[in-house]
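S.K.: The structure that follows is given in the form of structure tokens.
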Amino acid sequence: MRDLKVRIASSAAEISQDTWNEIGEPGHPFLNGDFLRILEESGVAIPAAGWQPLHLVATQAQSVVGLLPLYLKTHSHGDFIYDWNWKSVWERFGHRYYPRLVSGLPYTPVAGSRLLISKRCTNGDQVRQALVDAARQVVTDNGFSSWHAALASPADIETLEAAGLLVSHDVQFHWNDADFGDFDGFLQSFSAEKRRKVRAERRRAVESGLRITVRHGGDIGADEWPALHAIYKSTFDRFGNYAAFSPECFAELATTLGDRMVVFTASDGVEPVALSLCFRSNDTLFGRYWGARRQVDSLHFELCFYQGIDYCLREGLTRFEPGAGGEHKIARGFTPQIVRSAHWIPDPGMRRIIAPHLERQQSGVAAYRDDATTHLPFRKSVASLA
């Protein structure tokens, strides 16, 4: 333990690719150095955009044994902490909430490991504790309000809660394969009425006359990304939100991640009309971005949900996480799942205020999950297994 040290890396690129390959998750599109490096180098996750990389690197005997992705954030956009009201609470008591530290994936609501430990490490618990202690020390040394581990894995939540972090709860909707075989097999698990509704939606998408294609990142030329990006950006513009990614960022992600990026596109024979941009690991498809140049009946459901389920069943993926929010996913066979984040709040007074709020939230989220489960489209014999 005496030679276990933690340092700060000012960029993902400062950490060698060999280290990321050894410590990250094999085949994962996000828990690797490529994704974070490209977002940082393309201007998506940089200080000017409110994301200052301060990644923690644990070393022992001159070898990297642990990583904790970490950003200094000056806003709450794109980190999925859902702490929009916390700023006013801090200010009411004479404190400043921003900046604060966040461990997570920029603009990516995907749960997973945040305390990344080398597979060769024989003292993993000590390394995890060293990373936690280092993150808390950064908060203390700089007078930051807090540190948040966004959408951490169950194992990480256990470690963080034991270390004194508060835990928040939220619900996402995920699809899981139950040996359906193909899409028709999946629909056989639905009640008759719900099955008819899905088939009607898919039929309307076909009757639109649009041609749907499925391609991986390496199959898409760099010259195609400006048009695809314009479709992605249109959704954000429509709702007055900020489209963080650039065409160049998408193009480099596509080239670098290759088969780990999956793009579902609907075209009218001349140009793309809509797209759903996803990523995949060895067993999970992650839905991320949707955009359309015009409204087409049921096309959103087709590109964002049904094509993704079809893809999973063809490719042998067992899980589909289509993104945050969206109660409309329930009727399409996505089950409610509780996801959690952890929060280090060093100020005792602010901690006493936030802790009861998170306790009430936990019971409310659990009740919501239970209620949402009763609205799943599955036949009763199947729903009892969900």
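The values are calculated or read from the model by the stated rules, or taken from the named source; none is laboratory data. As the structure is a computational prediction, the values presented were derived from the model and not from experiment. Glycine gets a Cβ as well: all are built from the backbone with ideal geometry, and neighbour counts include every protein chain shown.
S.K.: With the requirement that a residue be over 26 Å from the mean Cα position of the chain (by Cα), surrounded by 15 or more Cβ atoms within 10 Å (Cβ to Cβ) and touching a residue at least 40 places away in the same chain (Cβ under 8 Å), what does the stretch 170-194 give you?
M.R.: 189, 190, 191, 194
S.K.: It is to be established whether one or more residues within the stretch 301-316 are closer than 23 Å to residue 200 by Cα and of a type in the set (S, T, N, Q).
M.R.: Checked the stretch 301-316: at least one residue is closer than 23 Å to residue 200 by Cα and of a type in the set (S, T, N, Q).
S.K.: Here is a follow-up. Could you check, for the stretch 320-334, whether at least one of its residues is in a helix (DSSP H, G or I) and of a type in the set (Val, Ile, Thr)?
M.R.: Yes, the conditions are met somewhere in the stretch 320-334.
S.K.: Taking the stretch 40-95 only, how many residues are buried (at least 21 other Cβ atoms within 10 Å of the Cβ), of a type in the set (A, V, I, L, M, F, W, C) and on the phi > 0 side of the Ramachandran plot?
M.R.: The number of residues fulfilling the criteria is 1.
S.K.: Then there's this: Identify the residue in the stretch 347-386 that is modelled with pLDDT of 95 or more and within 18 Å of residue 178 (Cβ to Cβ) and, among all such residues, is surrounded by the fewest Cβ atoms within 10 Å (Cβ to Cβ).
M.R.: 373
S.K.: Looking only at the stretch 209-239, which residues are part of a loop (DSSP other than H, G, I, E, B) and under 18 Å from residue 288 (Cα atoms)?
M.R.: Matches in the stretch 209-239: 220, 239.
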